[in-house]
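Structure, as C-alpha cells:
Read-outs: derived from the displayed coordinates by stated rules, not from any lab. Since the structure is predicted, the reported quantities are computational estimates derived from the model, not experimental observations. Positions of Cβ are backbone-derived with ideal geometry, glycine not excepted, and every protein chain shown enters the neighbour counts.
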C-alpha cells in the first residue's frame, strides 16, 4: 500500500507544475527539497490515473496552445471536446482536438493537434510540436506583461541593461535581476561553433609569450618576481624558455635570439603578443613594431607578426606551453638566482619536455623536431648587435639629445618626435615610421654632431663653406685673375681669408666681371691683399655698373600706344 502522504505530495507537485510554478517555489510551499521536486517531475511527469486535459494542460502550457473545454459527459475514461461543427465520436483512450478543416481520425493513444493547412500524420505515442518554441513566461514575474516588448528588444541586439532602462520609462517597476532571469529563461540555445585547428608547416612559425616564473630569493633573503619567456615551434612543439627580471626590449630580443640558437635555425615568422617591448602601436591590420624588434627581424631574415589585441587564442600553442612549464617545471620551486632557474629550465627541457608524447600528433616532440630542423632557415654569421632606443623630440635647433650629447636631423623634422637608437659606437636617428634619417658617431656628453646637409641653406653663412669652395665660385662668376688674387689672399691672410673672398664675390653685384678681373690683376702686381684696397681701385676707374632698369611696354593700367595715333600730327613732326 502506497504512502498516502507521499502520493499527495506527488499530486501536489504535479498540480503546481501545471500551474506554472517553479521548482524552487514548489519546494518552498510543500516543505520539501528542490531535489525531491526535480526527482518526481523527472521520474513521473504525469499524475497516475489521470489522462485527458490534465495531462494536456501541462503540455499545452509549454507549447503555447489552448486546452479545449471539457464536456459534461465522459465514458470509459474518455473525455470528449467541443468542436465547431459537431460532437466528435470518442474511442477508447483517445482525445480528439478541434481542427479547422475536418474531423480527424483518432487512433489508440494518439493525440492530434490542430493544423491550419493540412492534417498532420500521427503515429503511436507521438505529437507534432510547433516549429518555434514560444516564450517561457512566469505569471508571477513582473516581466510577464512586458514579455513581447522584452523579446522584441532582445531580438534587435539590445543588452539587458538597456532593455531594463527602456522598461523603466514605460512604467516597469521590477528590478534588473528580474529582466536578466526572464532573458535567461528565453535564451535561444544553439550548437557552439567549433574552433578551427590550424595546421602549420615545418619551419613556418614560432610563437612567443610571457608568463610568470618561479620566485627568486637572493642572498639578502628578498623575494623577487621573474618573467618567464616561452618560445615554441608550431610544427614540432619543441620548447625553449628562460626567465629574466624585466620585460624590456633587450630581454625580449635576447630571449628570441637564444631560442633561434637553441633550435639551430630560424622560422619564417614569429608570432608575438602586443607587449610594449615588441609593439609600440597595436593594430588589427598593420601594427607598428618597436624599432629594435624591426631590426632584429631584418637581421635574422624573419617576419614578426603580432596577434590581434585581446585575442590570445591566436597563439594557442604557446599559451598552453606557458601553463605546462609553470605546472610541470616551476611549481613549488624557489631558486637563489635567475641563472640557477635558467640552468634548471634548460636541463628540464633536454630531459623532460623534448621527450614528451604529443597527444594530437601521436609522436614524441624530439622526433618531430628532427623532421622540422631541415626546414629552418640558417642562422646569420653574427648575433644581433645590442643597442638601446629612446623616443626623442627634435629641438628648435634641429638636434636631438641622446644621453647628454646632441645629434642633428634633417630640418624638416624640427619639433617632431623621432627614434634614437644607440650603442657604444653609433647613434642612428629614425622617424616614427622607422625610416633612417641620420647616422652619427657616438659623442661625449656635451658635444654636438652636425651632419652635412642638415643645416637649411638660408642658415648657411658663405664663409662657412671654406676657402676652396669660395675660390671655385670666384673663378666661375668673375674669372681666373680674380681666383689668382684670392689664392694670394688665402696664403697671406689665412683665417681671415674666407671673409675677404666673400667680399670679392659681393662686388659682382655692383661691378662688371671684366672690371673686377682687371682690378684683381692690378692688385696682384701691386701686392695688395686687402679688400679695401681692391675696392678703392674699382672706385678710381669710376665705371660702376648702372643696374639695368626693367621697363614694361604693356600693362593693364597703360593704354597701348596705337590708341594715341589719331592725336599726333606727324606732318608737324616730320615736315
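Annotations for the structure displayed:
- Residues 485, 313 in ascending order of nearby Cβ atoms (within 10 Å, fewest first): 313, 485.
- Spin-label model, residue 459/residue 472: points 7 Å from Cα along the beta carbon direction are separated by 2.4 nm.
- Length released on extending from residue 448 to residue 499, taking residue separation times 0.36 nm less the Cα-Cα span: 15.9 nm
- Counting other Cβ atoms within 10 Å as a rough exposure proxy, the listed residues 295, 169, 423 run 169, 423, 295 from fewest neighbours to most.
- The stretch 388-459: radius of gyration over Cα atoms, expressed as a fraction of 2.2 N^0.38 Å: 0.99
- The stretch 513-534 versus the stretch 364-415: alpha-carbon centroid distance in Å: 58 Å
- Per-residue packing, averaged as other Cβ atoms within 10 Å, sorts the ranges 371-377, 193-199 into the order 371-377, 193-199, beginning with the highest.
- Remark: spin-label model distance residue 521-residue 352 equals 9.7 nm, labels positioned 7 Å along the Cα→Cβ axis.
- Using the average count of surrounding beta-carbon atoms within 10 Å as a protection proxy, the listed peptides 488-496, 408-416 rank, highest first, as 408-416, 488-496.
- Chain lengthening between residue 261 and residue 181 when straightened (0.36 nm per residue, less Cα-Cα): 23.1 nm
- Computed on the stretch 307-414, the Cα convex hull volume stands at 258 Å³ per residue.
- Amide N of the stretch 246-273 lying under 17 Å from the label point, which is placed 7 angstrom from the Cα of residue 222 along Cα→Cβ: 246-247
- 15 Å cut-off, amide nitrogen to a point 7 angstrom out along residue 281 Cα→Cβ, residues in the stretch 368-409: 391-392
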